[in-house]
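Student: I have a structure here, written as structure tokens, and I will follow up with some questions on it.
The values are calculated or read from the model by the stated rules, or taken from the named source; none is laboratory data. Predicted, not measured: the structure shown is a model, and the values here were computed from it. Cβ atoms come from the backbone with ideal geometry, glycine included; neighbour counts cover every protein chain shown.
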């Protein structure tokens, strides 16, 4: 499975398919810095392996991912100075002033890495189930295809719960459509798998019991295509999307995201980079369950 702490890595079908599993099930695969750095290494490992044609990204446990790690003990330890601090918190702006530090750290470990994974020189499939929350959307969206269990829900709740304008890799208008993106961000409601499939964000929907096997079979179909034409198809679609403004919009929205952090830093007197109950936001720890958006309910 590879020498990793927070993920698992394996190859299948005589090495044609690589499968990466997020492996923090106790905290619903919340994305700690350690997990993200290991994931970057695993993607690079699959990219460098000339035998691999398709990469599957999945999550172990009850959910694909709960998004950024905001409260686990491991997440707190890796941020705090001391023997348990992750080394990436002392470089790429980690020792700079608060605004520059936030901008550079999030650029390297939330934005640029996701953009790099989107352009990986392999075909990638996100295999999702359970909740796909906020930053988990980034991991699914950077993949070429998304396959979902029929119990999956997709939501970005950072607007309603943290006072932020969406996650750092702002693919929402492209994945949901502009008005649906506004609705979901302003309400914190979720899309279910059926609606995500109707919108074209999700390619296939299977039962949770058959998700592993059917995703692998889907990957096998794609892996029969030689690498070069597969990558030319991927490159053609990605370049067409970028020509429509996708790459420029991502960069612009990342800058707006950093302005949003700076706003809360100023409003809180430097004590918080997000909205808090003291600043008029609900406490995300006690927030009610996420509702699935319905066309006939307010």
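Student: Which condition does residue 213 not pass, out of (1) touching a residue at least 24 places away in the same chain (Cβ under 8 Å); (2) at negative phi, if it passes all the others?
Tutor: (1)
Student: Can we say residue 239 is under 23 Å from residue 70 (Cβ atoms) and either assigned to a helix (DSSP H, G or I) or at pLDDT 95 or above (or both)?
Tutor: No: the conditions fail for residue 239.
Student: Take region 167-184 and flag every residue that is under 21 Å from residue 297 (Cβ atoms), under 17 Å from the mean Cα position of the chain (by Cα) and either touching a residue at least 40 places away in the same chain (Cβ under 8 Å) or crowded, with 22+ Cβ neighbours inside 10 Å (or both).
Tutor: Correct list: 176, 184.
Student: Look at residue 61 and say whether it is surrounded by fewer than 20 Cβ atoms within 10 Å (Cβ to Cβ) and either at pLDDT below 95 or under 30 Å from residue 226 (Cβ atoms) (or both).
Tutor: When the stated conditions are applied, residue 61 does not pass them.
Student: From the list 201, 225, which residue is within 23 Å of the chain's Cα centre (by Cα), assigned to a loop (DSSP other than H, G, I, E, B), under 24 Å from residue 54 (Cβ atoms) and at pLDDT 95 or above?
Tutor: Selected residue: 201, the only one of 201, 225 that is within 23 Å of the chain's Cα centre (by Cα), assigned to a loop (DSSP other than H, G, I, E, B), under 24 Å from residue 54 (Cβ atoms) and at pLDDT 95 or above.
Student: Now a separate question. For residues that are assigned to a helix (DSSP H, G or I) and surrounded by 11 or more Cβ atoms within 10 Å (Cβ to Cβ), tally how many sit in region 256-277.
Tutor: 12
Student: So, residue 280, is that one loosely packed, with under 14 Cβ neighbours inside 10 Å and either on the phi > 0 side of the Ramachandran plot or touching a strand residue (DSSP E or B) at 6+ places or on another chain (Cβ under 6 Å) (or both) or not?
Tutor: Here the answer is yes, as residue 280 does meet what is asked.
Student: While we're here: Collect the residues in region 1-40 that are within 24 Å of residue 106 (Cα to Cα), buried (at least 23 other Cβ atoms within 10 Å of the Cβ) and touching a strand residue (DSSP E or B) at 6+ places or on another chain (Cβ under 8 Å), keeping them in residue-number order.
Tutor: 7, 20, 22, 29, 30, 31, 35
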